[in-house]
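> Please find one structure pasted underneath; my questions will follow.
The values are calculated or read from the model by the stated rules, or taken from the named source; none is laboratory data. Small disclaimer: the values here were computed from a predicted structure and weren't measured. Virtual Cβ from ideal backbone geometry, glycine too; neighbours counted across all protein chains shown.
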Amino acid sequence: MATEIMTRINPGLLSSYPSGFRTVFSSRRSENAVEYDCSARLRREMTIQMLGLKENKPTKFATTAWTRTQVPYLTYRSIALIHAICVLCWKSITESIHSQTEIPWTIQLSSWTFILYTGYQLTSFLLALLQFFHDCLCNDDPSWYHKVCWILQTISFNGSLACFIGSLIHIIASAAGDQIAKDWSAVFSSNDVNFYVVMSLAMITDVLVTNTTVRLLHVFYSAIFYVIFFVFHIYRWAAGNTPAYVVLDYGNHPDLGTIFIIVVLLLVCPLCHVTAYGLDTLRWKLLLVCIKRHQRRFIEVSNAAQGIMTYNMEDSRMRGRFEKTPRTTSTYYSTLS
């Protein structure tokens with residue numbers, strides 16, 4: 001019964017369950033029901049196997065669980081990709097003509113994140129497009145392009161949320177005149193709304209819409225992204241360039257730079273990733289509510305249809321018996337009268 005209900009929402013949804021879903025038997029209704037066990041999923045997420053990029057159903061990277069058809073999801077992917085490409089092209093053109101900031105946009109964390117965000121939108125759009133027309137790239141074991149899409153989504157969400165929160169703190173600190181908070185949040189800030197507002201809202205929507213599972217241990221990939229960013233700025237400082245940020249000035253403030261890196265890797269990055277995990281859990285809980293509603297409706301329709309079929313079968317049996325009964329003369333005249 002649960003399989004039939006899930007098929008009404010999305011034919012491939014059952015195979016895309018995260019580990020927290022389980023099918024239990026309900027004695028009251030004598031049917032299978034789908035439940036979500038957060039503790040079971042959390043225990044499974046903390047195992048070392050979850051650090052890898054293995055997925056039993058690669059179709060999850062090219063589909064959504066909210067619609068039965070691929071057209072709405074493909075439309076959503078097209079709009080997101082067009083917006084990302086247009087913003088990135090416009091930013092590169094305007095910055096090449098005249099720089100609007102003292103810090104080059106190519107070395108800012110928000111710019112790095114938006115470039116990866118554009119790459120994620122491109123890969124996810126191609127996977128959705130190929131799934132829609134050919135259904136040939138997402139049926140076997142996950143390939144390298146599935147893994148790339150998964151890593152890009154993880155890093156894009158983490159970086160976009162960090163840039164959004166950091167930009168808000170930077171704006172508030174600038175208005176309040178708090179120089180310490182302004183220096184600490186400058187790394188994540190951006191002067192372009194698309195780089196810290198639109199991108200973060202798009203990634204939050206993406207986690208709620210897509211069928212990709214967020215794994216806790218994948219925070220490791222986001223941490224690698226931040227490490228690469230910090231190593232790049234250390235290399236710039238070692239090469240004699242002026243540090244772009246006060247907290248990354250390892251010549252004048254080495255202690256501050258070390259503390260900032262530790263805070264980002266051990267506090268900011270895990271918090272952003274836990275937020276993505278919470279949104280992923282919320283998405284599956286909302287799907288479970290929809291499943292239960294469809295289940296109740298489907299049971300009512302099934303019972304009504306079963307009653308009609310039973311009535312038709314009994315009616316046909318009675319007609320068969322009546323036709324097989326031999327008609328005598330008395331019954332013949334009685335029917336005429």
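> With Ala202, Ala186 as the choices, which residue is surrounded by 18 or more Cβ atoms within 10 Å (Cβ to Cβ), of a type in the set (A, V, I, L, M, F, W, C), out of contact with any strand residue (DSSP E or B) (no Cβ under 9 Å at 6 or more places or on another chain) and under 22 Å from Leu81 (Cβ atoms)?
None of the other options fit; the residue is Ala202.
> Could I ask something else about it? From the list Tyr250, Tyr235, which one is in contact with a Phe, Trp or Tyr (Cβ under 6 Å, 6 or more places away or on another chain), of a type in the set (Ser, Thr, Tyr) and without any contact (Cβ under 8 Å) to a residue 24 or more places away in the chain?
Selected residue: Tyr250, the only one of Tyr250, Tyr235 that is in contact with a Phe, Trp or Tyr (Cβ under 6 Å, 6 or more places away or on another chain), of a type in the set (Ser, Thr, Tyr) and without any contact (Cβ under 8 Å) to a residue 24 or more places away in the chain.
> For region 90-106, which positions are among the hydrophobic types (A, V, I, L, M, F, W, C), farther than 18 Å from Ser156 by Cα and at pLDDT 85 or above?
Trp90, Ile93
> Among the residues of region 43-78, how many are surrounded by 13 or more Cβ atoms within 10 Å (Cβ to Cβ), free of Cβ contacts under 8 Å to residues at least 60 places away in the same chain and assigned to a helix (DSSP H, G or I)?
Count: 5.
> Let me ask something additional. So which of Leu248, Leu256, Leu271 ends up being among the hydrophobic types (A, V, I, L, M, F, W, C) and closer than 26 Å to Leu217 by Cα?
None of the other options fit; the residue is Leu271.
> Condition first: within 16 Å of Ser189 (Cα to Cα) and crowded, with 19+ Cβ neighbours inside 10 Å. Now tell me which residues in region 141-165 satisfy that.
Hits for region 141-165 are Ser156, Phe157, Asn158, Gly159, Ser160, Leu161, Ala162, Cys163, Phe164.
> Please pick out the residue among Trp112, Trp66 that is under 28 Å from Ile291 (Cβ atoms) and aromatic (Phe, Trp, Tyr).
Of the residues listed, the single one that is under 28 Å from Ile291 (Cβ atoms) and aromatic (Phe, Trp, Tyr) is Trp66.
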